[in-house]
Amino acid sequence: MTARRARPRHPGRSLLLTSALGLALAVVVVPFYWLAVGATHSSAEIFDSPPPLLPGGHLGENLATLRETADFGRVVLNSLGIALVYTLLAGTVCTLAGYGFATYRFRGREALFGLLMLGLVVPAQITLVPLFKMMAELHWLNTYQAVVAPNLALPFGIFLMRQSMAALPQELLDSGRMDGCGELRLLWRVALPPMRPALAALALFLFLYQWNDFVWPLIVLRDDSAFTIPVALASLQGLDETDYGAILAGTSLAAVPMAVVFLALQRHFVSGLLAGAVKE
């Protein structure tokens, strides 16, 4: 048996790749590190030259400022509740719509889907004034439903679920119908179990989308007690003075739930996105 010849190694290429990965890692990690460090310093120390690179001793003061000026505990609960409810409702709407576009054949399906996909390229700012008038006519201003309802049928979510469900064998669905399954039971028992990676990717996207949303909650929410985290942090910026230490502390706390959700769903995230690339 002939021995397999070992491939020649290229130390220069390996060193270049390692250096590029190290640089990319630094670009991603360093801002988060400085965010955490800045949360422990006062505003005056943050703007020192050179800037502080080690933790300081003002974290307690910054957290106290958040609690006193923004009622940050309630703000976190507001954001968490809104994001969870939105993820559940929008995930349901996007899944049902994606299932319908993927499995039903009806006249005008492709045109309707193309019209829906225009929402991916139309700037969201165009819809702010019409949506605000709708919320005012419904007497929903300064309510949580005004934050959640307008974006339940998110075009990207529908696109992701439609592309994922298009990979399901039509014979599998037809056999379920022949066995007497209703459409909702067929969706729950047959279509959704293989879609767990796509559902995890959808849930992560929807949660982060709502958690980070700033402009729309700023427009429809009036009371400080109803603010979400981005709106509450923006309210800490004054005309004469801004407490950047408190803002960085609040931003650091706001990043914790996002990290937890991502770590919980990361196993399914990439495979869920790749599922959308399967052709019909």
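The values are calculated or read from the model by the stated rules, or taken from the named source; none is laboratory data. As the structure is a computational prediction, the values presented were derived from the model and not from experiment. For neighbour counting, all protein chains shown are included, and Cβ atoms are generated from backbone atoms with ideal geometry for every residue, glycine included. Side chains are part of the model used for accessible areas, which takes the heavy atoms of the whole protein and leaves out ligands, DNA and RNA. Shrake-Rupley method; radii C 1.70, N 1.55, O 1.52, S 1.80 Å.
Could you please report the charge total around Thr40, scoring K, R as +1 and D, E as -1 over all other residues with beta-carbon less than 15 angstrom from its beta-carbon?
-4
How big is D for the stretch 67-178, in µm² s⁻¹ as a whole number, if Stokes-Einstein is applied with the Kirkwood radius of its Cα pairs at 20 °C and 1.002 mPa s?
The diffusion coefficient I find is 129 µm²/s.
Of all accessible surface on the chain at a 1.4 Å probe, what whole percent is carbon and sulfur?
Here it works out to 67 percent.
With N counted as the residues of the chain, its alpha-carbon radius of gyration over 2.2 N^0.38 Å works out to 1.29. With protein chains left intact and a 1.4 Å probe, residues in the chain average 62 Å² of accessible area per residue.
Summary value for the chain: 31 percent relative contact order, contacts being C-alpha pairs under 8 angstrom separated by 6+ residues. Electrostatic tally near Leu112: other residues with Cβ closer than 13 Å to its Cβ, Lys and Arg +1, Asp and Glu -1, net +3. Under the membrane-span-like helix rule (DSSP H runs whose alpha carbons stretch at least 20 Å along the helix axis, mean Kyte-Doolittle hydropathy 0.5 or higher), the chain yields 11-38, 72-103, 196-211, 244-275.
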